[in-house]
1. So, in the range 45-54, of the ones that are touching a helix residue (DSSP H, G or I) at 6+ places or on another chain (Cβ under 7 Å) and free of Cβ contacts under 8 Å to residues at least 24 places away in the same chain, which residue ends up least open to solvent (accessible area, probe 1.4 Å)?
2. Which residues, taken from the range 34-60, are under 13 Å from Pro79 (Cβ atoms) and either of a type in the set (Ser, Thr, Tyr) or outside any helix (DSSP H, G or I) (or both)?
3. Suppose we filter the range 22-44 for residues that are without any contact (Cβ under 8 Å) to a residue 24 or more places away in the chain and either open to solvent by less than 90 Å² (accessible area, probe 1.4 Å) or of a type in the set (Val, Ile, Thr) (or both); how many remain?
4. List the number of the failed condition for Ala19; all other conditions in (1) loosely packed, with under 10 Cβ neighbours inside 10 Å; (2) touching a Pro at 6+ places or on another chain (Cβ under 9 Å) hold.
5. Given the conditions (1) open to solvent by 100 Å² or more (accessible area, probe 1.4 Å); (2) outside any helix (DSSP H, G or I); (3) at pLDDT 75 or above, report the number of the one that Asn10 does not fulfil.
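The values are calculated or read from the model by the stated rules, or taken from the named source; none is laboratory data. Predicted, not measured: the structure shown is a model, and the values here were computed from it. Neighbour counts are summed over all protein chains in view; Cβ atoms, including those assigned to glycine, are modelled from backbone coordinates with ideal geometry. Accessible surface is based on the protein model in full, side chains and every heavy atom, while ligands, DNA and RNA are left aside. Shrake-Rupley method; radii C 1.70, N 1.55, O 1.52, S 1.80 Å.
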Amino acid sequence: MRTIKIESQNPTNEDYKQALYQSIIMAFSSLVALITASYWFFPSLALLILLYMFKSQWIEGSYERIVEYIAIAIFLILPAFYYTKGKQTIF
């Protein structure tokens, strides 16, 4: 019993190889998750950037609250649309 415990505490080359494979797979999975999440916040962020570039008086002036509410509404509504698209089959 004691030898199994001692042997299991010494990592082998196979353990390092498995750890490297799992790290690479998780890094790519995280990248996919980040790209998927960008679909959620990108439209509202793009709206704010475009309005700031072309109609900055709307953001800094009397339409400030309306622009914020529209961006928040887009941010809250989009996950419902992307969730249904994500559940569809690709092929």
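1. Leu51
2. Restricting attention to the range 34-60, the residues satisfying the condition of being under 13 Å from Pro79 (Cβ atoms) are 36-44.
Once the filter is applied, which keeps residues that are under 13 Å from Pro79 (Cβ atoms) and either of a type in the set (Ser, Thr, Tyr) or outside any helix (DSSP H, G or I) (or both), the range 34-60 yields Thr36, Ser38, Tyr39, Ser44.
3. Going through the range 22-44, the residues without any contact (Cβ under 8 Å) to a residue 24 or more places away in the chain turn out to be 22-35, 37-38, 42.
Add one more test, that the residue is either open to solvent by less than 90 Å² (accessible area, probe 1.4 Å) or of a type in the set (Val, Ile, Thr) (or both), and what stays is 23-25, 27, 29-33, 35, 37-38.
So the answer is 12.
4. Going through (1) loosely packed, with under 10 Cβ neighbours inside 10 Å; (2) touching a Pro at 6+ places or on another chain (Cβ under 9 Å) one by one, Ala19 breaks only (1).
5. Failing condition for Asn10: (1).
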